[in-house]
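The values are calculated or read from the model by the stated rules, or taken from the named source; none is laboratory data. Everything quoted here is computed from the prediction, not taken from an experiment. Cβ atoms come from the backbone with ideal geometry, glycine included; neighbour counts cover every protein chain shown.
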């Protein structure tokens with residue numbers, strides 16, 4: 001059974017006014033338990049609006065969102081419980097840090113869930129391990145951390161609630177290449193160990209291609225594709241019409257193919273591209 005299901009979702013801002021704008025239009029899809037799904041689309045395609053609908057921060061104008069087969073807006077008074085089960089990490093989450101210590105910041109969510117102190121402590125320390133926060137940093141002020149460490153501490157605060165679905169909206173925005181790589185590795189490790197559903201919104205085709213089981217492509221508020229990374233990026237021309245592109249290594253492989261080099265154009269990562277080229281060179 002799917003953990004998340006969107007059924008004919010439509011969201012209209014400023015309905016009935018001169019500022020009326022349709023942000024999402026007739027979007028439907030299902031995400032299975034344990035999947036890692038990437039969401040891509042140009043700026044204004046509806047990505048961030050969509051993920052805010054999935055955890056009840058926004059309510060659809062039309063259509064329904066289901067969590068484990070149940071309409072999340074069936075009882076609006078209990079929508080807060082949905083947000084514990086579908087955890088959301090926004091862009092630049094470090095701006096949401098506010099407690100005296102890193103420990104207290106990570107513990108904020110579990111405390112609001114009404115958990116006992118022992119269970120809170122266990123979840124805080126587990127979340128710190130998942131995100132690479134050292135034990136000696138837990139007693140520090142979050143504002144003493146580096147930019148990348150602040151980002152990981154903020155993500156740990158959501159992970160500590162142990163959500164069934166973890167949504168990350170551009171979690172690597174503003175990080176340098178090393179910081180981005182470290183954070184993505186931690187997210188991938190978390191998914192591998194916890195086997196929770198993860199939804200990642202990103203502008204980086206390389207990041208999405210490398211770690212996603214399936215990719216949802218959005219354009220102008222509509223769903224364009226939902227398929228495996230290889231199938232999505234095999235449709236480079238169609239992606240380019242929506243303002244997107246295939247990963248750079250895939251583009252290189254396509255260019256080599258056009259030049260008569262017998263390479264695999266379904267390569268999506270630099271590592272696989274390197275091995276592909278080395279195999280060809282070794283045959284000469």
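For region 169-184, taking the residues that are within 23 Å of residue 197 (Cβ to Cβ) and either part of a loop (DSSP other than H, G, I, E, B) or modelled with pLDDT of 95 or more (or both), the one that is farthest from the chain's Cα centre (by Cα) is identified as 173.
Being modelled with pLDDT of 85 or more, on the phi > 0 side of the Ramachandran plot and surrounded by fewer than 17 Cβ atoms within 10 Å (Cβ to Cβ): is that true of residue 220 here? In short, yes. What number of residues in region 217-234 are in contact with a strand residue (DSSP E or B) (Cβ under 7 Å, 6 or more places away or on another chain) and not in a helix (DSSP H, G or I)? Of the residues in region 217-234, 10 are in contact with a strand residue (DSSP E or B) (Cβ under 7 Å, 6 or more places away or on another chain) and not in a helix (DSSP H, G or I). In the set (1) in contact with a helix residue (DSSP H, G or I) (Cβ under 8 Å, 6 or more places away or on another chain); (2) closer than 19 Å to residue 87 by Cα; (3) at pLDDT below 90, the condition left unmet by residue 264 is number (2).
How many residues does region 35-73 hold that are assigned to a strand (DSSP E or B) and either closer than 20 Å to residue 171 by Cα or in contact with a helix residue (DSSP H, G or I) (Cβ under 8 Å, 6 or more places away or on another chain) (or both)? Result for region 35-73: 7.
In the set 229, 173, 209, only one residue is surrounded by fewer than 18 Cβ atoms within 10 Å (Cβ to Cβ), in contact (Cβ under 8 Å) with a residue 60 or more places away in the chain and closer than 30 Å to residue 162 by Cβ; that residue is 173. Of the residues 214, 251, the single one that is touching a strand residue (DSSP E or B) at 6+ places or on another chain (Cβ under 9 Å) and either closer than 27 Å to residue 196 by Cα or at pLDDT below 90 (or both) is 214.
Name the one entry in 47, 85 that is closer than 25 Å to residue 231 by Cβ and touching a strand residue (DSSP E or B) at 6+ places or on another chain (Cβ under 7 Å). Exactly one of 47, 85 is closer than 25 Å to residue 231 by Cβ and touching a strand residue (DSSP E or B) at 6+ places or on another chain (Cβ under 7 Å), namely 47.
Here residue 187 does not qualify as closer than 30 Å to residue 264 by Cα, touching a residue at least 60 places away in the same chain (Cβ under 8 Å), assigned to a helix (DSSP H, G or I) and within 13 Å of the chain's Cα centre (by Cα). Scanning region 6-34 for residues being out of contact with any helix residue (DSSP H, G or I) (no Cβ under 8 Å at 6 or more places or on another chain) and buried (at least 20 other Cβ atoms within 10 Å of the Cβ) gives a total of 1.
Scanning region 124-142 for residues that are over 14 Å from residue 103 (Cβ atoms) and in a helix (DSSP H, G or I) gives a single hit, 130. So for region 54-65 (the condition being surrounded by fewer than 20 Cβ atoms within 10 Å (Cβ to Cβ) and closer than 22 Å to residue 161 by Cα), does at least one residue qualify? Scanning region 54-65 turns up at least one residue that is surrounded by fewer than 20 Cβ atoms within 10 Å (Cβ to Cβ) and closer than 22 Å to residue 161 by Cα. Being surrounded by 14 or more Cβ atoms within 10 Å (Cβ to Cβ), more than 23 Å from the chain's Cα centre (by Cα) and assigned to a helix (DSSP H, G or I) holds for only one residue in 106, 155, 120, and it is 120. On the basis of being in contact with a helix residue (DSSP H, G or I) (Cβ under 7 Å, 6 or more places away or on another chain), outside any strand (DSSP E or B), modelled with pLDDT under 95 and surrounded by 18 or more Cβ atoms within 10 Å (Cβ to Cβ), does residue 99 make the cut? No, not satisfied. Residue pairs whose Cβ atoms lie under 7 Å apart, sitting 6 or more positions apart in sequence or on different chains, and linking a residue in region 44-60 that is without any contact (Cβ under 8 Å) to a residue 40 or more places away in the chain to a partner that is buried (at least 22 other Cβ atoms within 10 Å of the Cβ) and in a loop (DSSP other than H, G, I, E, B), are 56/72.
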